[in-house]
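The values are calculated or read from the model by the stated rules, or taken from the named source; none is laboratory data. Everything numeric in this text was worked out from a predicted model, so none of it was measured. Cβ: placed from backbone, ideal geometry, glycine included. Neighbour counts: every protein chain shown.
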Amino acid sequence: MAEGTVRALNMVSDAEMDRRWRRIREAMAERGLDALVLQNSSDWVGGYVRWFTNQPATNGYPKSVVFPREEPMTVVEQGPVGGLRVSAADARGRDGIGRVLTTPSYPSVHYTACYDADLVVAELRRLGAKTLGVVAPAAMYHGFGRRIGESLADLDVVDATDWVDRLKAQKSDEERSLIRRVAAMQDEVMARVGTFIRPGLRDFEVAAYAQYVGQQLGSEQGIFLCSSAPPGQAAAFRPRSMQGRRLEAGDVFSLLIENNGAGGFYTELSRIFVLGRTPPPLRDAHAAVLDAQRYALTLLKPGAACRDVHRAHNAYLRERGLPEERRLNMHGMGYDMVERPLIRDDEDMAIEAHMAIVCHPGVESDGLFVHNTDVYLIEANGVSPCLHATPKQIFER
C-alpha cells in the first residue's frame, strides 16, 4: 500500500496480529469454544477491541467483536441501519475483519440498548456457534450484555476473560519494543513541559501543552492529570475540570502523563515541578517515595505472586511509618491504562517475564502529595532498567 494511502496511526505488524489470533484460536480449541464476544467503548480502559482488531474503540460509542474460531472476525459499530461491509479475502490485512455490521445505537438513547446485541446474536446464529466465550463482561454496556445472555440461553456460555488477560499480559518482542518507544515519547513531553511551565499559566494550559506535544509526536489520546498548590498544600492529580488554578512563584506542580503512542500502547510518567526552591518536607517525602519504589522493584520477579508482592511492600511501608497502599500503586499496562496484573491482594496472577508493569508509589496528606511514576518490563531475573529516561527528581524552575 502506498505511503500516502495509509490512514491508521500506530498499528502493529501483520506478524504480531497473526501471533495474537493464533494463540487465541489455540486456546479456544483447547476449551472447545466456537466464538468469543467482546465489547469496548473507550480506548483508555477498553483495550480488548484494539488487541483483537488493531483499531480502538473510542468516545463512548460501542464497538463489538465476534471472534470465531474458524473464520474472520465480525465487528458491529456505529453507522447506518442495516449497514454491511464485507471484506475480500485479500483485503482483510491487519485487522482480520471479514464483516462490519452497523447500527445507529447510543448509550445516551435507552431504546437503542439492544441494537448491537441483536446483530451479534444474529451473527452467532449465522456461524452456527454452540459454545461461546464472553470477554471482559465488565466493559460491556448493560443492555448489550443482558440481551446477549437472554438471547443465547441455549448456548454454552462461559467467561473467557481470565485466560485472555493472561495472554494479553505477556508482551511479544514487537510489543515490548513499541512500549519502549511510548516511554521515550513521554520523556520528550515531560522535557518540553519543563521548558514551558512558568508562573501565570493556568494548570490546564500546562496539561494542554503536554497533550499537544504528545499528539505532535504521534500519540492518539490519553489523560493528563495535574494541579498546582502553594507549599504546604497538596498538588494532587486533578482532572481537566479542576485545572483552573493559576500558577504562582513558589508553587508545587504535579503532572501525570498517561497517553498512548507507538502501536497504541499506554505507559505512564509523573514528576513534580517547583516554581522556586523545594520545601524540605516535600524533598524528604520524595526521597522516601523513591526508596519505596526501589524496594518495590526488587519484588517484581517472575513467579512472584502479586498478593505476596503487595503484602511485602505494605510491610515495608509500615516499618518506615508510611501509609499502607490501599488503592493501586503497581499494575500492568499495555492497551489499557490499567490492565492485569494488579499488584494487590485480590489478584491471583503471578508476575511473569515480558509483562509491562508501572510502579507509582505515593504519599498524600493535607499538606503534600508526592509521587514518582515509571514503567518497567519484567525480564528473566527481575525488572528491566527503567524505560523512562526522565530523571527521578523534583524539577526546580
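Residues in the range 312-330 that are surrounded by 21 or more Cβ atoms within 10 Å (Cβ to Cβ) and part of a helix (DSSP H, G or I): HIS313 alone. Need a quick list: strands (runs of 3 or more DSSP E) entirely within the range 7-101 having at least 1 residues that are closer than 23 Å to ASP154 by Cα and over 22 Å from the mean Cα position of the chain (by Cα). Per the criteria, 35-40, 63-68, 73-78. Scanning the range 331-361 for residues that are in a loop (DSSP other than H, G, I, E, B), within 18 Å of ALA296 (Cβ to Cβ) and under 11 Å from the mean Cα position of the chain (by Cα) yields MET333, VAL338.
The single residue among LEU282, LEU269, LEU255 that is surrounded by 20 or more Cβ atoms within 10 Å (Cβ to Cβ), under 17 Å from ALA234 (Cα atoms) and within 19 Å of the chain's Cα centre (by Cα) turns out to be LEU255.
Being in contact (Cβ under 8 Å) with a residue 40 or more places away in the chain, assigned to a strand (DSSP E or B), in the same structural domain as GLN39 (by TED's automatic domain parsing) and in contact with a helix residue (DSSP H, G or I) (Cβ under 8 Å, 6 or more places away or on another chain), is that true of even one residue in the range 150-158? Yes. The condition (being among the hydrophobic types (A, V, I, L, M, F, W, C), part of a helix (DSSP H, G or I), over 29 Å from ASP251 (Cβ atoms) and in the same structural domain as GLN186 (by TED's automatic domain parsing)) is satisfied by just one residue among VAL289, VAL309: VAL309. Does the range 209-225 contain at least one residue that is in contact with an Asp or Glu (Cβ under 7 Å, 6 or more places away or on another chain), modelled with pLDDT of 95 or more and farther than 21 Å from TYR266 by Cα? The answer is no, given that none of the residues of the range 209-225 is in contact with an Asp or Glu (Cβ under 7 Å, 6 or more places away or on another chain), modelled with pLDDT of 95 or more and farther than 21 Å from TYR266 by Cα. Kindly evaluate GLY263 against the criterion of being over 30 Å from ARG311 (Cα atoms), among the small types (Gly, Ala, Ser) and not in a helix (DSSP H, G or I). Answer is no for this residue.
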